[in-house]
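Here the structure comes first, spelled out in structure tokens, and everything after it is commentary.
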Amino acid sequence: MLGELAILLLKTAFGILIIALVARFLAQIARADVANPLAQTVLKITSPVLMPVRRFVPSLAGLDLASLVCIFAAQLVLAFLISFILGSNPVANLGQLVVWSLIAVAGIILTVLQWSMIIVAVGSWLTMGAGGGTPNPLLTFLGQMVEPFVGPFRKLNLQIGMLDLSYIVAFLVLIILRDFILRGLILPGTGFQQALMYGYRGISPVVGI
């Protein structure tokens, strides 16, 4: 029971940090408005961890590599701690943990994109039904965050009357990347253990290494 409680607390704490880091990574690509209240929250959560790393890991071609390094490090440390709590030897399995952490980075980024798109789509529909009004900071920030992924599909001219299929096509491509390519093609050969990572359901419910 104590072990399960410790794992729950670890996943909660690391989860908040990891999601905030992913949001910051995606928001920087999108050049999202930093004055947005949600963006300010993300900055406050991530800056204590991210700023020291940026001294050694610069951005590259608009990509915040320091955020990616921190997401990977957070997943790796989480896996290391959970392995230790479960009675495994994380040092002996360090190579596997590194590979699984890399996979988890890709998985959590795709998952955050997926849920952000769902929230934006549903929230926009509800806002439209309510007659608009003051822009919602959450929807505004998430909309900016997913735009670099959705934007290229808008150029395909998938507008049919009032229906914009570009968002639906972008969402389907995201599902293909995460569930068919990452989960279906890459994970089976790695022995990925979902219980050791945060935010991405793998192919096995096994809790140990």
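Rounded to the nearest 500, the helix-only mean residue ellipticity at 222 nm of the chain stands at -22000 deg cm²/dmol, with each DSSP H run of n ≥ 4 adding -39,500 (n - 2.57). The fewest-to-most ranking of Ile181, Ile109 by surrounding Cβ atoms within 10 Å reads Ile181, Ile109. Placing R0 at 35 angstrom, the Cβ-Cβ distance between Gln40 and Ala106 gives a FRET efficiency of 0.80 after rounding to 0.05.
Residues Lys155, Lys11 in ascending order of nearby Cβ atoms (within 10 Å, fewest first): Lys155, Lys11. Which listed residue (Asn93, Val57, Val42) has the Cα farthest towards the positive end of the charge dipole for the range 2-196, taking +1 on Lys and Arg C-beta and -1 on Asp and Glu C-beta about the Cα centre? About the Cα centre, the residue reaching furthest to the positive side is Val57. How far is helix 2-30 tilted off the main Cα axis of the chain, in degrees rounded to 10, range 0 to 90? Helix 2-30 sits roughly 40 degrees off the main axis of the chain.
Straightening the chain between Leu86 and Glu147 buys 17.9 nm, computed as 0.36 nm per residue apart minus the Cα-Cα spacing.
Dipole size of the chain about its Cα centre, with +1 on Lys/Arg Cβ and -1 on Asp/Glu Cβ: approximately 240 debye, rounded to the nearest 20. Panel order for Leu5, Leu97, Leu110, by other beta carbons found within 10 Å of each beta carbon, from fewest to most: Leu5, Leu110, Leu97. Distance from the Cα centroid of the range 41-99 to that of the range 168-188 is 24 Å (rounded to whole angstrom). Only Cα pairs under 8 Å and 6+ residues apart enter the sum, and on that basis the relative contact order of the range 15-112 stands at 31 percent. Our summary gives the chain a relative contact order of 25 percent, counting only alpha carbon pairs under 8 angstrom and 6 or more residues apart. More than 31 Å apart: what percent of Cα pairs in the chain qualify? So the portion of pairs separated by more than 31 Å is 26 percent. Taking square-rooted eigenvalues a ≥ b ≥ c of the alpha carbon gyration tensor, is the range 98-181 rounded, prolate or oblate, where a/c under 1.5 means rounded and, failing that, a/b exceeding b/c means prolate? Oblate shape, in that a/c is at least 1.5 and b/c is the bigger or equal ratio.
No lab work stands behind these numbers, since they all come straight from the coordinates. Note that the structure is a prediction, hence the values are computed from the model and not measured. So basically every Cβ, Gly included, is an ideal-geometry build from the backbone, and we count neighbours across all protein chains shown.
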